[in-house]
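Read the structure below first, then the notes.
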Amino acid sequence: MTTNDTETTVEYAPEPTPRLDWARHAPDVFKAMLRLDTAAQQGLDAKLRELVKIRASQINHCAFCLDMHTKDALAAGESVERIVQLSAWDESPHFYTEKELAALELTEAVTVLTDGFVPDEVYERAARHFEETELVRLIAAITVINAWNRFGVTCRRTPGHYQPGQHS
Amino acid sequence: MTTRSQVLDRTVAQAMSGLSATAKKGLGDPALAELVMIRASQLNHCAFCLGMHLSLARKHGVSELQLDLLSAWEEAEDVFDERERAALALTEAVTVLTDGFVPDEVYERAARHFDDVRLAHLIGLVVAINNWNRVMVSRRIPPGGYTP
C-alpha cells in the first residue's frame, strides 16, 4: 500500500497472501456459517453487536474482522472515540453504558475460555442487564464472531478491502 | 454446580448443528473428527462436550489409549500418526487464537496431510466445536446429558 503526502511517499510492507479460500473449498460450511450468523443477529441492538464483534476480534487478533466491523460500526453511527477506547474499556467506563460494559466483560470471558470458564460474577453482571433470552442471544453473537475470527485468522484473510454494508 | 440457562434459540441451535454436521461430513473421518472435538473441548474446559464426544469417540472405535493420551499427544508419538498429529496441532492453534495467530509451520503441516477441501472442512470442524464449547460453558450445561 502506498500513501502520498506533500513531501514523501511512504512505502508500506507488502500485503500478505491469503492461505486458503475456505468458502470456495467448503461452500457447504460457508452456507452453514451464514445461516448461523443470520440466526445469531436476531434481537440484539446493532451498535452493541458491533462493539462486541470488534472486542472479540481484538482479543483473537483477526485483522480482517477488525477491518469489517470497525467500518460497519462507523457506518452505523458509532463514534471513533468509543471504537478507539474499546480495547481499554475497563479504564474508560464513562464512554459506555452499564449494559454495554456488562456485555463487553462477558465477551472477553466467553472468548478466552482457555483461561478458565466464565466467572459467576461476569455472568451475573450480564444477567442483571439482559433478560435470559436476550442474554443467550448475546452469547450466540459472541460465539459467532469467534467463529468468523477463527476462519479469518487461520485462512489469513487480508484486511483493507471491505466496504461498509458489503455483506448486509 | 447449577445450570445457568437452558435457553438456546432453536434457529441458532439448528444452524450450529448444521455447521457441525457439514464440516464433519466433509472431513470424511469420523474418528479423527472426534479426536479434534475432544482436544478443543479439553482446551476450552467444556465438560458437556467432553462427555458427549468421548462417548461418540468410543462408538466410532477410537482406542482407549488414544483417548487417555490425547491431552499429551505431542509426547505420544507412537499413539497418533502424522496426519492425526497435524490435525491436532492445527486444532490447538485455531482454538487458542488469543495467544497469537496460527503459525505458518502448523498451517503448512496440516496442508501437507489434507487437501484444500478437507482442510477447509477440518478448520470448519474446529470452529464448530469451539462454538459448542462457548455456548455450553457460558450457560453451564452439565455433562452426562448426552447418549449417542
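Where a number appears in this text, it was derived from the coordinates with a stated rule and is not lab data. Keep in mind it's a predicted model, so treat the numbers as computed, not measured. In this analysis, Cβ positions are derived from the backbone assuming ideal geometry, glycine residues included, and neighbour counts consider all displayed protein chains.
Per-residue 3J(HN,Hα) values for the stretch B:62-78, derived from phi via the Karplus relation 6.51 cos²θ - 1.76 cosθ + 1.60 with θ = phi - 60°, read 5, 6, 4, 5, 4, 5, 5, 9, 4, 6, 10, 4, 5, 8, 10, 4, 7 Hz in sequence order (x marks Gly and Pro).
Peptides A:133-145, A:17-29, B:13-25, B:61-73, ordered by how many other C-beta atoms sit within 10 Å of their residues on average, highest first, read A:133-145, B:13-25, A:17-29, B:61-73.
Pairwise inverse Cα distances across the stretch A:5-130, averaged and inverted, put the Kirkwood hydrodynamic radius at 16.9 Å. The residues neighbouring residue B:85, those whose beta-carbon lies less than 9 Å from its own, together hold a net charge of -3 under the Lys/Arg +1, Asp/Glu -1 convention. By the Cβ-Cβ criterion of under 4.7 Å, the unpaired cysteines of the protein assembly as shown are A:155. Return the single residue from A:12, A:96, A:123 with maximal mean-square fluctuation; model: Gaussian network over chain A, springs between Cα atoms under 10 Å. Top of the fluctuation ranking is A:12.
Dividing the summed helix terms, -39500 (n - 2.57) for each DSSP H run of n ≥ 4, by the number of residues in chain A produces a 222 nm estimate of -18000 deg cm²/dmol to the nearest 500.
Counting Cβ atoms of other protein chains within 10 Å of each residue's Cβ and taking the mean over peptide A:106-118 gives 5.
Taken along the Cα-to-beta-carbon direction at a fixed 7 Å, the label points for residue A:17 and residue B:6 span 5.4 nm.
By the Stokes-Einstein formula, at 1.567 mPa s and 4 °C, the protein assembly as shown with its Kirkwood radius over alpha-carbon pairs has D equal to 64 µm²/s. Here the relative contact order of the stretch A:59-168, from alpha carbon pairs under 8 Å that lie six or more residues apart, stands at 48 percent. Over chain B, Cα pairs under 8 Å with separation of 6+ residues give a relative contact order of 44 percent.
Across the stretch B:73-129, the fraction of Cα-Cα pairs farther apart than 20 Å, rounded to a whole number, is 20%.
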